[in-house]
1. Would you mind finding the one in C:GLY150, C:GLY116, C:GLY123 that is touching a Gly at 6+ places or on another chain (Cβ under 8 Å), small (Gly, Ala, Ser) and within 14 Å of chain D (Cβ to nearest Cβ)?
2. Hey, among the residues in the range B:22-56 that are surrounded by fewer than 21 Cβ atoms within 10 Å (Cβ to Cβ) and in contact with a Lys or Arg (Cβ under 6 Å, 6 or more places away or on another chain), which one's farthest from B:TRP180 (Cα to Cα)?
3. Can you say whether C:LEU145 is touching a strand residue (DSSP E or B) at 6+ places or on another chain (Cβ under 6 Å) and among the aliphatic types (A, V, I, L, M), as far as the supplied structure shows?
4. Regarding the range D:45-62, can at least one residue be identified that is more than 20 Å from the chain's Cα centre (by Cα) and closer than 22 Å to D:VAL339 by Cα?
5. Give the number of residues within the range B:109-144 that are surrounded by fewer than 23 Cβ atoms within 10 Å (Cβ to Cβ) and modelled with pLDDT of 95 or more.
6. Evaluate the following for A:ARG47: is it touching a residue at least 60 places away in the same chain (Cβ under 8 Å), touching a Gly at 6+ places or on another chain (Cβ under 8 Å) and away from every other protein chain (no Cβ under 12 Å)?
7. With the condition kept exactly as written, say whether any residue in the range B:80-100 is within 14 Å of chain A (Cβ to nearest Cβ) and of a type in the set (Ser, Thr, Tyr).
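The values are calculated or read from the model by the stated rules, or taken from the named source; none is laboratory data. Just so it is clear, the structure is predicted and the values come from calculations on it, not from any experiment. We place every Cβ from the backbone using ideal geometry, glycine too, and count neighbours over all the protein chains shown.
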Number of protein chains: 4
Amino acid sequence: MSGSSFGKLFVVTGFGESHGPAIGGIVDGCPPGLALTADDLQRDLDRRKPGQSRHTTQRRESDAVEILSGLFEGRTTGAPIGLLIRNEDQRSKDYAEIASRYRPGHADYTYDQKYGVRDYRGGGRSSARETAVRVAAGAIAKKYLAERYGILIRGYLSQLGPIRPRGFNWDQIERNPFFWPCAETVPDLETYMDDLRREGNSIGAAVTVVASGMPTGLGEPIFDRLDADIAHALMSINAVKGVEIGAGFACIEQKGTEHRDELTPDGFLSNHAGGILGGISSGQDIVARLALKPTSSIRLPGRTIDTSGAATEVITTGRHDPCVGIRATPIAEAMLALVLMDHVLRQRAQNADVVPPTRPIPPSVA
Amino acid sequence: MSGSSFGKLFVVTGFGESHGPAIGGIVDGCPPGLALTADDLQRDLDRRKPGQSRHTTQRRESDAVEILSGLFEGRTTGAPIGLLIRNEDQRSKDYAEIASRYRPGHADYTYDQKYGVRDYRGGGRSSARETAVRVAAGAIAKKYLAERYGILIRGYLSQLGPIRPRGFNWDQIERNPFFWPCAETVPDLETYMDDLRREGNSIGAAVTVVASGMPTGLGEPIFDRLDADIAHALMSINAVKGVEIGAGFACIEQKGTEHRDELTPDGFLSNHAGGILGGISSGQDIVARLALKPTSSIRLPGRTIDTSGAATEVITTGRHDPCVGIRATPIAEAMLALVLMDHVLRQRAQNADVVPPTRPIPPSVA
Amino acid sequence: MSGSSFGKLFVVTGFGESHGPAIGGIVDGCPPGLALTADDLQRDLDRRKPGQSRHTTQRRESDAVEILSGLFEGRTTGAPIGLLIRNEDQRSKDYAEIASRYRPGHADYTYDQKYGVRDYRGGGRSSARETAVRVAAGAIAKKYLAERYGILIRGYLSQLGPIRPRGFNWDQIERNPFFWPCAETVPDLETYMDDLRREGNSIGAAVTVVASGMPTGLGEPIFDRLDADIAHALMSINAVKGVEIGAGFACIEQKGTEHRDELTPDGFLSNHAGGILGGISSGQDIVARLALKPTSSIRLPGRTIDTSGAATEVITTGRHDPCVGIRATPIAEAMLALVLMDHVLRQRAQNADVVPPTRPIPPSVA
Amino acid sequence: MSGSSFGKLFVVTGFGESHGPAIGGIVDGCPPGLALTADDLQRDLDRRKPGQSRHTTQRRESDAVEILSGLFEGRTTGAPIGLLIRNEDQRSKDYAEIASRYRPGHADYTYDQKYGVRDYRGGGRSSARETAVRVAAGAIAKKYLAERYGILIRGYLSQLGPIRPRGFNWDQIERNPFFWPCAETVPDLETYMDDLRREGNSIGAAVTVVASGMPTGLGEPIFDRLDADIAHALMSINAVKGVEIGAGFACIEQKGTEHRDELTPDGFLSNHAGGILGGISSGQDIVARLALKPTSSIRLPGRTIDTSGAATEVITTGRHDPCVGIRATPIAEAMLALVLMDHVLRQRAQNADVVPPTRPIPPSVA
């Protein structure tokens, strides 16, 4: 596949299938001296982990991560960090149905076309199970960015099907099983999801991720712009069909006078840019939003073909998330952290020799 | 900057500023044997070139490209292809105003923060002038993909401010100065743009790019998924704030039964996936849409600060596109071509030794 | 460190320290369809493994490799292959001496300078223990190259201190503990090594690696020439101080009439080029030779400084190879295999569309 | 070819053929703020340039370099630096002979095999003419390393056929047309070369390059060790068949007590390591030596085949260097500079956050 690595200087490489013995990865390029334990990774792994509520898949995985290298006396040494998570709940089931037919909306057909061979057990490599490795790696980046630069990376579910939050409070995010920023509308989500589960259907969602405490200067024009790398990172998450930065698609109908973020000695007056100008961070919050499709693994029958090309139907009866967007929040945070970490290192490489940029204005109005 | 290259096997590296002596680039990794002349590149360069109508910037550049290497007797040799475009219309003007103050919505502030030095003449490296190199390189990829695999890459302006096409006809695209697929609404665009120009304002837009005749199997999971690379490519274009594939952001409100593209022996029944499943091309058309912000270079004054941090105002009086989305169509096509070309080469590397994938069904219903 | 990966399309990434819980790696880019078991890797791991004779370190490691992913029903799927080798014989010893002083000729001083922190247990990341991962990954490449292209990669110890073989027979290589191609001189090696061990000293060596059954056309000018990548690969092995291809350093005193390999319709008449012309394989055998320094871990005291900069002495009493060159043969084979595998994939990417090269002459005289 | 770039953070990409309109390249990743003019590059270009004495090829090229981008008011901006050198002396000659037959020892055969098409005019892309771009790019790195870190990179011809210098003086290097460090033996070289030219033959040579004023800590284990990258860089130069660091191949016969460089509070007592331990710079001088083969372009007839595979003879009558090693000195310096520059940036990326390494000892005895 040769596409299993992400990053240029802070490089994450992953491996593992849904129903193989283990998943894992290597984080290469972490600077030495960072205090780190498996617990630091486990916190985010637990946030992503299945079975945390009745609204996500009931597969039971402890997702306990083992750090195999790169630490000495509790600190990173600069050596690559090996990560291992054993799979535990590979339920023994009959995969004959999936083996012989392509689930619509899934990677079954394309994997077969590309590789001529396919590990159909739970989707094999195409399963979102691999995202646990991203979350573990992202937790290292998050910790480094927070401790060293004061960068805080957070995310939330910003839409679930037709439901949008009516208020916003960061403190609510971890108090409900949806990463939802509005306590008032949590019951609407509960009801919607319960109905959906009864129906046997699935629904799309949107996740928003935000990086606060940003330094200016991150991003390498032309092709490795910060926004381009963020788009790459977020679109690489399973089920994502769209990514926008700042005003995003709303900018289509904006005029220049409305979109441009004016500057004053006290800071920018708005943040339609989402914290990035010309591909380089402005110091304002990075704001990115991603659209996640409804999973295609549903109980309602769909037309498809079998591997011989004949018409058939398929029902997916396994344990699946009716809204994959719910568990996507920690994954999206992790990917944003990986991008920022990579660009922090790249910026250090380029800029160490110039006088630290003057910063005539604060990045945004307090 | 170290971010001036795009692609892994078909690698485009660019250089050049808006008001320097020349822009150019190197295309590395083009297979040998492709018939190629400067004219093949010029066609797309002319489509992107400024001054083609009253609705784009009046800067006059012939954008004549010189191929400096990589050809022998009219065919590519496998050696890197050197491209050179001399700048011609670097109007001598007083840049003192821009030099000392940051235009809101522009890269002025972030470049200064990052590099501590800034070529403010016409935006320097941050100018969209560099996209001419992308278009030239993309034209090579387009030609190769068309001749060798029958892949056709086209694009169009799919929204301009509040105006959307009411019909769709590929044949209309090149018959108006907007790359607009609907003859009926061209007068609406003319009127809108004339009003806008009088107002001194700018407007956002959306561009859609489509690849037809796609093979299956392009894309390298996990991180180099085809859609992730497309998102990277399109988001790297100046002024782009959002990218979506297939149903894109509309998938948020879709249910699984609606979104999943069912399969029959005659082909997929819909294309919400935009031609990509699990990061790999399904053989259906690739459909991607990008949102472009309104340029911040407008005649209406805006609040800003000067390089000492003091409050001031700025008016941009140069020659600028009131809707940068208009000229973005050939650029987006070029970027999509670069991604597909890269993945064609990557797929050849991986897959040459397996039996050509069986193709039990056509990719879509005729 | 960010230098833990090798290869562009067939990418090996490793992790692990000498005395950590495990070493391992990820092989990304292996084409689908290759029959593979852990046994295929174990053969070469056993050839490299310590404690096979009294002439190498007495550390006891089974070096049993576990394949964690990338296989389905005994064949590669195209997904990344996770490899894990648990460390077993991390002898509990007092590292206080090494912790506080720099062993001359070792990486102790430079790791401390670079990282400011150092896992001194057995050399940590700088230990040659990590080469087991290279051997495991190389075994995958070897198998693919052999099965798919008939390329055979072999190596031998071509000099040990002052001793050179007097004859040459590939069949002898695996019949003595030295990978030595000449039965007649094996007793000389035994005697030399026994004396050396008694003396408490160490000695340098040379290893030669050869790839037979080569296709023409591998190698990507200018910078990714096949010989440049081989030099990179071999020089990256611990203790290597020199690499030469074909005639190598002997070419300094050769005239053009002597060095150039003349061609006849029956093949090349000599192979001073070592199978590579202009950075591209000619179809002749690839022949590369590497020089390995004597290990600095010896029982004879040496002057050094401690971590405070004060003068002191050091004796290395651990279990070490008196001639690291002996176990280097399978490592060098593995690295050559990785380079060739990568270039096979790269050549497939570039060349699939040209008519297969005519081959007017065989690559060498039978 | 897709191998036309060198470096990871300081990336040089080149293009151009021997007899095309121009050669050139792009230097991406140069930090902003470096004072730079074309003259800074021209000095080294003139040292490499043909026709400087009767002992090198008589092709006349001014090798005047034009800097097309990346500078503003005399300083680098961080943007990519475009370089252009027009070819001037593409002598109109009949290439029919070379076109139809393969010169032994040349890349003619392998390029034909790989690409199926070949620009035979002067060797096309395989000509050493492209090394002018390396020298220009290397001059930028040299200047940066010298001004910012006090690193001095120099080289000399250390052997020409059987002739070795009898003394050593850096000051002599630029006082003879051979980059030879020993005035006493220059007449021997003159005589040897005159005889060789009369004979119509060519001869091999060795070049040594040295970096002084080195910081500690450069190099990224495992695969991007400093010595591995140097080996890669130097072996990528046309005609190079071997590379060694420090003691190099002499280490084969050294014992550990002899090879290891002991440390004292005043510095290392020797430099068999060539300034690199465990792949990381120790602060001592980097010393590397490369072996260059005799050119195969000679007037003495050699057996070969034509493109149909039939036996024939070939004489090369063009303008060629009888000892390509002579002009290789500035090229080798440039390549060493590119490696060090890349690793300086990589080290800055990794290490900016740890306390500057304590340096308890000077790197070598004064």
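1. C:GLY116
2. By that ranking, first place goes to B:GLY33.
3. Values: touching a strand residue (DSSP E or B) at 6+ places or on another chain (Cβ under 6 Å): no; among the aliphatic types (A, V, I, L, M): yes.
Here the answer is no, as C:LEU145 does not meet what is asked.
4. There is no residue in the range D:45-62 that is more than 20 Å from the chain's Cα centre (by Cα) and closer than 22 Å to D:VAL339 by Cα.
5. 1
6. no
7. Yes, the range B:80-100 contains a residue that is within 14 Å of chain A (Cβ to nearest Cβ) and of a type in the set (Ser, Thr, Tyr).
So that you can scan it fast, the table gives a plain yes or no per residue for (1) crowded, with 24+ Cβ neighbours inside 10 Å; (2) touching a strand residue (DSSP E or B) at 6+ places or on another chain (Cβ under 9 Å); (3) at pLDDT 95 or above:
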residue: A:THR208; (1), (2), (3): no, yes, yes
residue: A:PRO221; (1), (2), (3): yes, yes, yes
residue: A:LEU226; (1), (2), (3): yes, yes, yes
residue: A:HIS232; (1), (2), (3): yes, yes, yes
residue: A:ASN238; (1), (2), (3): no, yes, yes
residue: A:VAL243; (1), (2), (3): yes, yes, yes
residue: A:PHE249; (1), (2), (3): no, yes, yes
residue: A:GLU258; (1), (2), (3): no, no, yes
residue: A:GLY274; (1), (2), (3): yes, yes, yes
